[in-house]
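Since the structure comes first, as structure tokens, the remarks are kept for the end.
Each reported figure results from applying straightforward, stated rules to the coordinates on display, with no laboratory input. Here the structure is a predicted model, which is why all the values come from computation and not from measurement. We place every Cβ from the backbone using ideal geometry, glycine too, and count neighbours over all the protein chains shown.
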Amino acid sequence: MVYLINIKLREDYSNLIFYLSPLVAVFLTLFFGSFIFLILDLSPIESFKIFFISPISNSYGISELFVKATPLAIIALGLSYCFKNNIYNIGAEGQLTMGAIFGGGIGLLFNDSTSIFLLPLMILFGAIGGAFWATIPALLKTKFNTNEILTSLMLTYVALFILDYFVVGPWKDPAGYGLPKSMPFPDAGRLPVLFDGLRIHIGVYFAIMICLISYIVYNKTLFGFKLRVSGFSSKASQYAGFKYKNLIFYTFIISGACAGLAGLFEVSGPIGLLYRDISPNYGFTAIIVAFLGRLNPLGIILSSLLIALTYLGAEDAQLFLKIPSAVGFVFQGLVLFFLLGTDFLNKYKVSIS
Amino acid sequence: MQPIIEFQNICKEYPGVVANNNVSFKILRQSIHAILGENGAGKSTLVKILYGHVKPDNGQIIINSDLVTINSPTMAQSLGINMVFQHFSLFESLTVAENLILGMSEKISLSKLKSKSETICNKYGFNLNLNSPISSLSVGQRQSVEIVRSLLNNPKILIMDEPTSVLTPEEINKLFKIIKKLVADGLTVIFISHKLDEIINLSDHVTIMRNGKVISNLTTKNEDPESLGYKMLGYKVTKTKQINNVDYSENVLTLSNLSSYSQDPFTTNLNKINFNLNKGQILGIAGVAGNGQKELMEILLNENDFEFNGDIIFKNININKLSTFQRKSLSISYVTEQRLGHSAVPEMSLSENILLSMNHKNYFKKGDFINFDRINSYANDVIKNFNVDTPSFNVKAGKLSGGNLQKFIIGREIMSDPELLILSQPTWGIDAGSEAFIKKSLIELSQKGVSIIIISHDLDELLEVCHNISVLYEGSLSKSLNVESIDITKLGKYMGGLFD
């Protein structure tokens, strides 16, 4: 007897379920996550409390939540332009790094500056750096038809090595005991915090602004319309006379600029200088954030907060439960897995005959 | 001679179309029996029923005087029926011998299979190296592999579905010699084709099908290409409702010496196509699918910078190099064959689908923003004027029936005041009511002085709507025939590739 799995496109594909499935995915993650705690001989309820509730039970925790969510949201909002257009930019981590190098480089170049223009200049160069790094896969794709998933991913490692070169080479702090890090940025190049004593910074305003602008672009402008048409059907986009190659460039530049901005905010905000590990994989995690938020600007803000919580929870779990902080990545992976699963089952009907 | 196969009252209905309607006829043992008909006449459905691919709704098949029920291709093979499909199913990276052994239902060693295959190749003159990979073979050689694969099963009956459509003239000659030799050795061949001269050259008997029915069973030697063509098309003397109001002094579109030279084996190269289209004229481009319609539309629409030689002149402007967007801005409108995902996005609302095709018009924009009021009211007008059955312009295009969506798309293009409208298969797969409405709209449009090109497989439609009809056959375009004084026999000959 041979069993065949039939996979059929559903005709009654539901929009409501499309927006509800992130909740289902989160629920399933919690459910299966509790087994992980059971296997580790921990009480699931206690562990979840430490993982998801205690990290945000005080003002410091809430501030930290926004510190983590800000880069995730900014990068994911940028990525949503690419993903809506069916362009898979996987290299946001590299674009983030390049933004930090460009923007941070300005901060180091003018390290005795007290000008109020220093920070805006750094922010501008951060965005330019990220956008510059993103045009490389765009160029390769439009000129040579290379796969942007591979090129953008590989360029991430190139960017990390360039940062490495600078912090152990020309930009190494002479007073830094030989550690691979730069001098601290001058005060004029530091991102203002919102409340004294907390690390939450004005990057939050940028995230909110980018969210609102994206909402308008997607729903009200011809550019957003072009992106959506190209995402649904490349043939329809050709019929409409849209230039797909231009769209590839624009979306790469937007998402690169956003990632670069996030990179600059990290180094001129919480970190304050350049060193090797400026990002705990924000560029990769933002891919999950973008899809969990259904590529919808508002949804991305919500999902960035949830995923930021897994970063904080993982730190607390390491402290209090004595389990590796990699558990946070396990949870992120589970969410993505279940989200893809629910999307698949919403779109296709599976039967066995 | 006694019949080897007898079809009795075979019926098969698909939603909205009767593919086989009481089909009954006999096929004699050791003969070449051709089945002739236009696209959609029901030929393929019938042989798929015989091969166990499709289950008939009604009727029976008698083989060698036994009533049989054929549920699967495996069962058909056990009855001695084999089929060579129009599209090959070979593994490119494997060798000929490896592909052959994959098709065997019984266990056999590779060396034994090789010697068996070599015997067949030598006997019938197939020129095949059993050890070369499929990827290195020509299309004709690949077909030989498919035929040898069938012959290894020792068939009594071999079905060939349009076997010559991919072959060069020399390859066709060779194939016909092989087929005749096979028949002399006892095989019965069922040969499906729409090419008249081939049927005359090859077959002993021919069954003509039209609209799912058997029109006549003939002995080939009593026929000639003209009589076959006439019978294939039927007595299609449709009264043309078209009033001749073409302004022959004003030329709108001229194609001169349009040729394409693609290396892709799945495209048909166009061969020096010429025509003139005048103001208010409707030109029909007829022909069986796959004779260059796709490529012609591709060049007229220019979505992919498809390479060609020759010139396209629209109102004294050479538009060879102009993009789709620029051509639309010159008021050329297009309706493509594929509705969902090409001329409409199913996931988007009807008003967004207005913008899809009208984004070159500033009227629908406010700078970089979309003027929603205007696209909504335009969508509303299309829905009203073209009887589109839908509650609102916010409904997603994919929710509309084929006929309603096509009325919406054609209405969208007509209301944009084009000077030239180019349509491909405008009434394909839609209900009769919508079809009639669309035909009426197109005739009215031409009376307002708009020129129209309709590329269609449906001759009835073209005879009803067009002023002139030309036929595409293997990339060449026939002279245009005036519909008012059309000679059906001549049209039939054109359809079968017999140009003057």
The answer for trypsin sites (Lys or Arg not before Pro) in region A:286-353 that fall in a DSSP coil and have at most 16 neighbouring Cβ atoms within 10 Å is A:LYS322
Here region A:271-280 yields Karplus 3J(HN,Hα) values (6.51, -1.76, 1.60; θ = phi - 60°; whole Hz; Gly and Pro given as x) of 8, x, 7, 9, 8, 5, 9, 7, 9, x
Evaluated at 4 °C and 1.567 mPa s, the Stokes-Einstein D of the protein assembly as shown based on the Kirkwood radius over Cα pairs, in µm²/s, stands at 41
Under 19 Å by backbone N from the virtual spin label 7 Å along Cα-to-Cβ at A:VAL168, the residues of region A:95-128 are A:97-98, A:101
Quick note on B:GLU419, B:GLU435, B:GLU250, ordering by fewest other C-beta atoms within 10 Å, gives B:GLU250, B:GLU419, B:GLU435
Cα-Cα longer than 29 Å, checked against B:LYS112/B:LYS180; B:LYS43/B:LYS156; B:LYS55/B:LYS114, kept in input order, equals B:LYS55/B:LYS114
Protection proxy (average C-beta count within 10 Å per residue), highest first, orders B:32-38, B:276-282 as B:32-38, B:276-282
Computed over chain B, the relative contact order (Cα-Cα under 8 Å, seq sep at least six) in percent reads 15
Quick calc: nm separation of the 7 Å Cα→Cβ label points for B:ASN269 and A:LEU198 -> 7.2
Residue by residue through region A:202-213, the couplings from Karplus 6.51 cos²θ - 1.76 cosθ + 1.60 with θ = phi - 60°, in Hz, x for Gly and Pro, are 5, x, 4, 4, 4, 4, 5, 5, 4, 4, 5, 4
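For chain A, what does the relative contact order come out to in percent, with C-alpha contacts under 8 Å and a separation of six or more?
35
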One computes Rg over Rh for region B:10-146 from alpha-carbon atoms, with the Kirkwood Rh, and obtains 1.02
With a ≥ b ≥ c from the Cα gyration tensor eigenvalues, square-rooted, and the rule rounded for a/c under 1.5, otherwise prolate when a/b > b/c and oblate otherwise, region A:237-319 is oblate
Those chymotrypsin sites (Phe, Trp or Tyr not before Pro) from region A:88-153 that are DSSP loop and have at most 14 other Cβ neighbours within 10 Å turn out to be A:PHE117
Length gained if B:ARG29 through B:SER65 is fully extended, taking 0.36 nm per residue and subtracting the Cα-Cα distance, is 11.8 nm
Those GluC sites (Glu not before Pro) from region A:1-105 that are DSSP loop and have at most 10 other Cβ neighbours within 10 Å turn out to be A:GLU11
In terms of the alpha carbon gyration tensor, root eigenvalues a ≥ b ≥ c, rounded if a/c is under 1.5 and otherwise prolate when a/b exceeds b/c or oblate, region A:111-187 is oblate
Residue-ordered couplings for region A:242-253, obtained by feeding phi - 60° into the Karplus form 6.51 cos²θ - 1.76 cosθ + 1.60 and rounding to whole Hz (Gly and Pro as x), are 6, 8, 5, 4, 5, 4, 4, 4, 4, 5, 5, 5
Here the relative contact order (percent) of region B:152-233, from C-alpha pairs under 8 Å and at least 6 apart, is 26
The pairs in A:LYS235/B:LYS493; B:LYS399/B:LYS439; A:LYS220/A:LYS245; B:LYS177/B:LYS294 lying past 27 Å Cα-Cα in this model are A:LYS235/B:LYS493; B:LYS177/B:LYS294
Burial-style ranking of A:237-246, B:206-215, average other-beta-carbon count within 10 Å with highest first, yields B:206-215, A:237-246
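Averaged over peptide A:230-236, how many Cβ atoms belonging to another chain are found within 10 Å of each residue's Cβ? Write down the numbers at each step before the final one.
Numbers: counts 1, 2, 5, 10, 3, 9, 14.
Mean partner shielding for this stretch: 6.
What is the average number of partner chain Cβ atoms found within 10 Å of a Cβ in B:341-349?
Rounded to a whole number, the mean comes out at 5.
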Between the Cα axis of helix B:139-151 and the main Cα principal axis of chain B, the angle (0 to 90°, nearest 10) is 40
Taking every residue of B:318-329, the Cβ atoms of other protein chains inside 10 Å of its Cβ average out to 2
Gyration tensor on Cα atoms of chain A, a ≥ b ≥ c root eigenvalues, a/c under 1.5 rounded, else prolate if a/b beats b/c, else oblate, says oblate
In nm, the gap between the two label points placed 7 Å beyond Cα toward Cβ at A:ASP41 and B:LYS177 is 8.4
